[in-house]
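Here the structure comes first, spelled out in structure tokens, and everything after it is commentary.
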Amino acid sequence: MFLADAATGIGQGQVFTKSDGTYVHQNLRPGIYKVQVRYRNRYQWVPQKIAYADGAVFTVTAGATTVVDETLLPGAVLNVLGPYAWPIHYTAMLYPKYYAWEWSGRAADRRSAEPVKVASGQSTTANAALRSGGTLTGRTLQKDGAVYTGYVDVRSYNARTGDVAGPVQYGSGGTYTLRGFTGQRVKIKFQADGPGFRWHEDAATFEQADPVRVRQGHERTLDITVSSPS
């Protein structure tokens, strides 16, 4: 379940549904949002819309819970894309090979992507030559500089659009590793075992987070400071 800021279009993260179909986005700032369902390479915006512009806007207020339910469209409906031009996000993770996640035209984000035109009633092929992804790795530290050896959930987002930049990874034993980058600036979101999500470097929001430059096919080392569990 992907969440976007309805005012800016910037992604605010995604969560997986539980076995009973429920999901929870936590620690959201008050504001307006749109919700996208991602299921087996099928995408739809609530309520049952293909285009982002047609998605409903939901208001989140401080201290309150907003409930957003959705029913999946039939697969045949989701496969009907024309007649539009679409940016395509190529994501591939064939362990142990981590390919670069990139958009059509080898772009780093959807705003730079080359749209692929789909004609009504026709099938369109959009091939992509996958490249080796970049890597971001380093130590997980506490605020006093000591190594934090607990469990850490680490995620990455394009610094300009908030698009998911690569697969979610999990660190432990004092280190983390993020893989699958194309060349771009990203923002890192993480959660240690206990506190809620924070952003690098010790920021509360996406906007306040420090951008980090990553390169396709290269490795960069970056230590991140996590909040110690309470």
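Nothing in this text is a laboratory measurement; each read-out follows from the coordinates by a stated rule. Remember, it's a predicted structure, so these values are computed and weren't measured experimentally. All Cβ positions, even for glycine, are placed from backbone atoms using ideal geometry, and neighbour counts span all protein chains on display.
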Cross-link partners of LYS18 among lysines (Cα-Cα below 21 Å; sequence separation of 8 or more within a chain): LYS34
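Could you state, as a whole-number percent, how many of the C-alpha pairs of region 1-80 are farther apart than 16 Å?
49 percent
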Dimensions in Å of region 166-207 - Rg and Dmax from alpha carbons: 11.2, 32
Residue among THR177, THR91, THR125 with the largest mean-square fluctuation in a Gaussian network model of the chain, springs linking Cα atoms under 10 Å: THR125
Dimensionless Rg ratio for the chain, taking C-alpha atoms and the 2.2 N^0.38 Å reference: 1.05
Among PHE181, PHE16, PHE190: highest mean-square fluctuation, GNM of the chain, C-alpha pairs under 10 Å: PHE16
Ranking of SER112, SER156, SER123 by count of other Cβ atoms within 10 Å, fewest first: SER123, SER112, SER156
Positive-end residue, the chain charge dipole about Cα centroid, Cβ charges, pick of TYR99, GLY21, GLY162: TYR99
FRET E, pair SER123, LEU72, Förster distance 25 Å, beta-carbon r, rounded to 0.05: 0.65
Simple Cβ-charge dipole of region 1-80, Lys/Arg +1 and Asp/Glu -1, about Cα centre, in debye nearest 20: 180 debye
Ellipticity estimate at 222 nm from DSSP helix runs (n ≥ 4, -39,500 (n - 2.57)) divided over the chain, nearest 500: 0 deg cm²/dmol
Total charge dipole magnitude, the chain, about the Cα centre, Cβ charges on Lys, Arg, Asp, Glu only, Debye to nearest 20: 580 debye
Within a Gaussian network of the chain (alpha carbon springs, distance under 10 Å), most fluctuating of ALA128, ALA108, ALA92: ALA128
THR225 long-range amide H proximity, modeled H, under 5 Å: LEU141, ASP202
Normalised alpha carbon radius of gyration of region 134-225 [divisor 2.2 N^0.38 Å]: 0.98
